[in-house]
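Before any comments, here is the structure.
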Amino acid sequence: MKQFFASLAFCCSAMMAFSQTITGSIQHDGIERNYRLYVPANLPQGIPPPLVFNLHGFTSNAQQQELYSGMNAVADTAGFIVCYPNGVNNAWNIGVAGGSTTDDVGFIAALIDKFHQEQGIDLERVYSCGMSNGGFFSYRLACEMGDRIAAIASVTGSMTTAMLNGCTPQRPIPVMAIHGDADPVVDYNGAMGNAAVPDVFNFWAGHNGCLQPSNNGDIPNIATNDQCTASFESYYACTDLAEVILITVQNGGHTWPGAFPTFLFGPTCQDFNASREIWVFFSRHRLDLTSETSGATPANTGIQVFPNPFGHYLNLEQNGGNTARQLRIYDAMGRSIWQGEPTNTIDTDLWPKGVYFMAIELEFGMVIRKAVKA
């Protein structure tokens, strides 16, 4: 395994020659903590970049998570910074015996401050995802740092029953969970003090005030030889648009969908790429939902989407001076439906009924709008 990661690191270092990987450290709570920070070469100019924490699993480390998840490739095309921190003794503090007892919540908060000062990150667009123990810890951040973390995603992680029972988030938190129902390490149905994944999904849907009905369906089985299929459930009619999504990988193991190698702990689904889906999900959310923009309020962005609900067409109208430069439209599952330069009228005749999210990149900031096809 070490030989695999060493070989992959050599290949990736050549590919990322025009980007920057910073290996840094910070003193926190009397301990020197270290991290890897990936900064793409072509970040959009004049726009504070989003930051994604990508947290490794138990016994793993930052470099292995960076290589295994493949999130740097997504960051290159989407324009965000990724931080891969290291947990003390290769673990994150989720409040269980035998795990870490360090102040990891404070460590993440300190890193946010550091990267805001040094990299100019957008404090309204800070996210956390992780594998296994890193997924558990991302849930803890949602419970305790809702004022600083805009959304979280967990891959093969869950919440301990103690964490679930004691979780008191400060606001509705958008949550995505990706989990195999044959996971041999973190049981999908709950075991050894861990909550069942569907129970975690329902907890966040309830906390976020989500209403029925939820969207559900199958993810196309494009990789017929991976021994897996996948389906999704999603609540979208939630307070502050704080949607909750669960992707269940049928026969999926303790693995990161879309990643290589595929032989670690059971089958790896190749029907979708977890890193890409996580970013599409994150990109729809930010902390400041009262304004939905960076430095602008709905009254002065001048962006209107109508009619809503819509039918055979959807109109986009700009009345202000903050010019719309790029438009991306996603369905409730987070799949890209349309993207390009903003246009006045979009033909939606062939779109199925449901909820759609419009991420509109402005000259200064970004605005997110939701519309329903009836």
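The values are calculated or read from the model by the stated rules, or taken from the named source; none is laboratory data. Please read these numbers as outputs of a predicted model, since none were measured by experiment. Glycine also receives a Cβ, built like all others from the backbone with ideal geometry; neighbour counts cover every protein chain displayed.
Just the residues that are surrounded by 11 or more Cβ atoms within 10 Å (Cβ to Cβ) and at pLDDT 95 or above, please, taken from region 30-45.
Selection gives 31, 33, 34, 35, 36, 37, 38, 39, 40.
State which residue is modelled with the lowest pLDDT when the search covers only region 332-374 and only residues that are closer than 19 Å to residue 276 by Cβ and among the aromatic types (Phe, Trp, Tyr).
Looking at the filtered set, the residue picked out is 357.
Do we have any residue at all in region 187-209 that's among the β-branched types (Val, Ile, Thr) and over 24 Å from residue 58 (Cα atoms)?
Within region 187-209, none of the residues are among the β-branched types (Val, Ile, Thr) and over 24 Å from residue 58 (Cα atoms).
Would it be correct to say that residue 286 is crowded, with 16+ Cβ neighbours inside 10 Å, closer than 14 Å to residue 359 by Cβ and at pLDDT below 90?
It is false that residue 286 is crowded, with 16+ Cβ neighbours inside 10 Å, closer than 14 Å to residue 359 by Cβ and at pLDDT below 90.
For region 170-191, which residues satisfy the criterion of being under 19 Å from residue 244 (Cβ atoms) and in contact with a His (Cβ under 6 Å, 6 or more places away or on another chain)?
174, 188, listed by residue number.
Would you point out the residue of region 228-265, among those that are of a type in the set (S, T, N, Q), at pLDDT below 95 and not in a strand (DSSP E or B), that is nearest to residue 175 (Cα to Cα)? Talk me through it step by step, then tell me what you get.
Going residue by residue through region 228-265, those that are of a type in the set (S, T, N, Q) are 229, 231, 234, 239, 248, 250-251, 255, 262.
Narrowing further to those that are at pLDDT below 95: 234, 239, 262.
Now restrict to residues that are not in a strand (DSSP E or B): 239, 262.
On the way: 239: 13, 262: 25 Å.
Once the filter is applied, the top-ranked residue is 239.
Condition check: crowded, with 20+ Cβ neighbours inside 10 Å, in contact with an Asp or Glu (Cβ under 8 Å, 6 or more places away or on another chain) and either of a type in the set (Gly, Ala, Ser) or assigned by TED's automatic domain parsing to the domain that holds residue 173 (or both). Does residue 234 satisfy that?
Numbers: crowded, with 20+ Cβ neighbours inside 10 Å: yes; in contact with an Asp or Glu (Cβ under 8 Å, 6 or more places away or on another chain): yes; either of a type in the set (Gly, Ala, Ser) or assigned by TED's automatic domain parsing to the domain that holds residue 173 (or both): yes.
Answer is yes for this residue.
If you check residue 196 against the conditions, is it touching a Gly at 6+ places or on another chain (Cβ under 6 Å), small (Gly, Ala, Ser), without any contact (Cβ under 8 Å) to a residue 60 or more places away in the chain and over 16 Å from residue 255 (Cβ atoms)?
Yes, satisfied.
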